[in-house]
């Protein structure tokens, strides 16, 4: 049986792309910005699609759009179809542009990349000049296999890690740090001394565990809250308060004097730490194993 003719395939695909973007972003204007066309063009594509289907796909709200029941059902199938087309296109293009066999794609957080990894990349280039490490610094978790997979990831957590090969990299020891000017001549000697200070928090909520550890459960504290550890560290350097962050991320700042320990001898230890993850154990001598070995050697210094 021969395949059906699809004379209008390019047109219908344009309609589907406009529909998916408008449904995902909630407005024709936002979809237009993403697709680099006018809002009117997106609206026309959607209206034409609705006309072809003989039904409305959206609820037109006072501010934006929302897929109706038919639209939501259709959207799930359209996304799947567009993903299949995108994957097929990428696979075809990769045949002509094979990935560099000496390249390693490494995923990690912005804080780890900025504060620990990047200052050491020059040494990696000297030790392994043939390797090319691409850094994907994001708080989003990239997969280790399948679509959008990375070769290696540095992640915070407690082993074991589901469906991943893991090696420990650095322990999870957090310390309270602040700008030298804030520390000044403050007579901070006990954990209770910090409770009245502005305490900078991030998504890990370390301060609650710190006060619990030092027998001060239920302590209320105030200060700015950030979604990323790197922002908490930068806020501490600007004198906004005291941040409780992994020691390894502020070692260079402590050595440089841009940060100081707010309270000596008051670390917060954790079973969690930074680990190196891959989809499976790397082959002996592979580029991934070389990067893992190098990172672990840096962690031991």
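Coordinate-derived values only; no laboratory data. What you see is a predicted model; the values in this text were computed from it and never measured. Cβ sites come from the backbone with ideal geometry, for glycine too, and all protein chains shown count toward neighbours.
Computed from Cα atoms, the angle from the helix 39-53 axis to the main principal axis of the chain rounds to 50 degrees. Assuming R0 = 41 Å, what is the FRET efficiency of residue 56 and residue 145, from their Cβ-Cβ distance, to the nearest 0.05? E between residue 56 and residue 145, to the nearest 0.05, is 0.55. Were the residues from residue 125 through residue 220 laid out at 0.36 nm apart, the gain over their Cα-Cα distance would be 29.5 nm. Note on the chain: Cα convex hull, mean projected area over all directions, 23.4 nm².
Between segment 148-216 and segment 220-266, the alpha-carbon centres lie 9 Å apart. The label-point distance for residue 70 and residue 47, in a model that sets each label 7 Å from Cα toward Cβ, rounds to 1.7 nm. If you run the Gaussian network model on the chain, springs between alpha carbon atoms under 10 Å, then out of 210, 188, 116 the most flexible one is 188. In terms of other Cβ atoms within 10 Å, 74, 214 run from fewest to most in the order 214, 74. Take the convex hull of the alpha carbons in segment 105-237; its mean projected area over all directions comes to 10.7 nm². Listing 219, 229 from fewest to most neighbouring C-beta atoms within 10 Å gives 219, 229. For the chain, modelled as a GNM whose springs connect Cα atoms under 10 angstrom apart, the maximal fluctuation among 63, 142, 220 occurs at 63. Evaluating kT/(6 pi eta Rh) at 25 °C and 0.890 mPa s, with the Kirkwood radius of segment 142-187 over Cα pairs in the Stokes-Einstein relation, gives 171 µm² s⁻¹. Over 24 Å apart: what share of the alpha carbon pairs of segment 172-270 falls there, rounded to a whole percent? Cα-Cα pairs in segment 172-270 separated by more than 24 Å: 9 percent. What relative contact order, as a whole-number percentage, does segment 172-270 give when Cα pairs under 8 Å and 6 or more residues apart are counted? Value for segment 172-270: 49 percent. A crude spin-label estimate for the pair residue 33 and residue 301, with each label 7 Å from Cα along the Cβ direction, gives 4.3 nm.
The angle between the Cα long axis of helix 69-96 and the longest principal axis of the Cα atoms of the chain comes to about 80 degrees, rounded to the nearest 10. Counting only DSSP beta bridges with both residues in the chain, the antiparallel share comes to about 70 percent. Pairs of Cα atoms nearer than 8 Å and 6+ residues apart set the relative contact order; for the chain it is 19 percent.
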